[in-house]
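Provided herewith is a single structure, encoded as structure tokens, for subsequent inquiry.
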Amino acid sequence: MQPIFTLHQLTLENAHLLMGADAFDHPVDPAQLSAFVENTHHELIFAISETKVVGLASGAILLHPDKPPIFFVNEVGVDANMRSKGIATALLQKLLDVARRRGCQGIWLATEVDNDEARGLYRKLKARETEGFVIYDWDGAMDR
């Protein structure tokens, strides 16, 4: 059986494919896309079904002067009509593989307590669920 989607790692050459994609929370801004692609610490994997971008997983390498690099998973999203087809699992697994190949020695993310779909995905991929964290934000970072 043929897969219903293909995975792609974002590059300068394929970045144009993200323009007009509905898989994002907001319309893709060409200047932000360019800045994202040019920053070597950012990674984005996207899924295409037929000719449409139907999902993405993105993150960034975080550096500290006293620790090895770690990877922050910023977002995982799949079009509502394409869910339950293995796309999110494939996207996140590929992103985790990229982070590990790039030398990251830890990977983390946060999600809402009531986001059962996301929590199920992370458990499926053998993530450790931690407790006791509170998120603080400035300037509306969590509102975007």
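The values are calculated or read from the model by the stated rules, or taken from the named source; none is laboratory data. Model, not experiment: these values are computed from the prediction. All Cβ positions, even for glycine, are placed from backbone atoms using ideal geometry, and neighbour counts span all protein chains on display. These area figures cover heavy atoms from the full protein model, side chains too; ligands, DNA and RNA do not enter into them. Shrake-Rupley method; radii C 1.70, N 1.55, O 1.52, S 1.80 Å.
Can you tell which of T40, T51 is out of contact with any Leu (no Cβ under 8 Å at 6 or more places or on another chain) and at pLDDT below 95?
Matching residue, one of T40, T51: T51.
Let me ask you something else. So which residues in the range 37-70 are among the hydrophobic types (A, V, I, L, M, F, W, C) and in contact with a Ser or Thr (Cβ under 8 Å, 6 or more places away or on another chain)?
Of everything in the range 37-70, those that are among the hydrophobic types (A, V, I, L, M, F, W, C) and in contact with a Ser or Thr (Cβ under 8 Å, 6 or more places away or on another chain) turn out to be V37, L44, I45, A47, I48.
Here is a further query. Quick one: is L63 in contact with a strand residue (DSSP E or B) (Cβ under 7 Å, 6 or more places away or on another chain), outside any loop (DSSP other than H, G, I, E, B) and open to solvent by 80 Å² or more (accessible area, probe 1.4 Å)?
Answer is yes for this residue.
If you don't mind, another one. Does the range 45-60 contain any residue that is more than 26 Å from A118 (Cα to Cα) and surrounded by fewer than 18 Cβ atoms within 10 Å (Cβ to Cβ)?
no
While we're on this one: Given the criterion at pLDDT 95 or above and among the β-branched types (V, I, T), identify the matching residue among V134, V76.
Exactly one residue qualifies, and that residue is V76.
Suppose we keep only residues that are acidic (D, E) and open to solvent by 80 Å² or more (accessible area, probe 1.4 Å) within the range 19-44. Which one would you say is nearest to F5 (Cα to Cα)?
Selected residue: D22.
Quick one: is E38 on the phi > 0 side of the Ramachandran plot, over 15 Å from the mean Cα position of the chain (by Cα) and of a type in the set (D, E, K, R)?
Against the criterion (on the phi > 0 side of the Ramachandran plot, over 15 Å from the mean Cα position of the chain (by Cα) and of a type in the set (D, E, K, R)), E38 does not qualify.
Within the range 91-144, how many residues are open to solvent by less than 100 Å² (accessible area, probe 1.4 Å), touching a residue at least 12 places away in the same chain (Cβ under 8 Å), closer than 23 Å to P69 by Cα and not in a loop (DSSP other than H, G, I, E, B)?
Number of matching residues: 10.
Does the range 1-16 contain at least one residue that is in contact with a helix residue (DSSP H, G or I) (Cβ under 8 Å, 6 or more places away or on another chain), assigned to a strand (DSSP E or B) and among the small types (G, A, S)?
no
Then there is this: Scan the range 66-80 residue by residue and report those that are assigned to a strand (DSSP E or B) and closer than 25 Å to E117 by Cβ.
Passing the criteria: I70, F71, F72, V73, N74, E75, V76, G77, V78.
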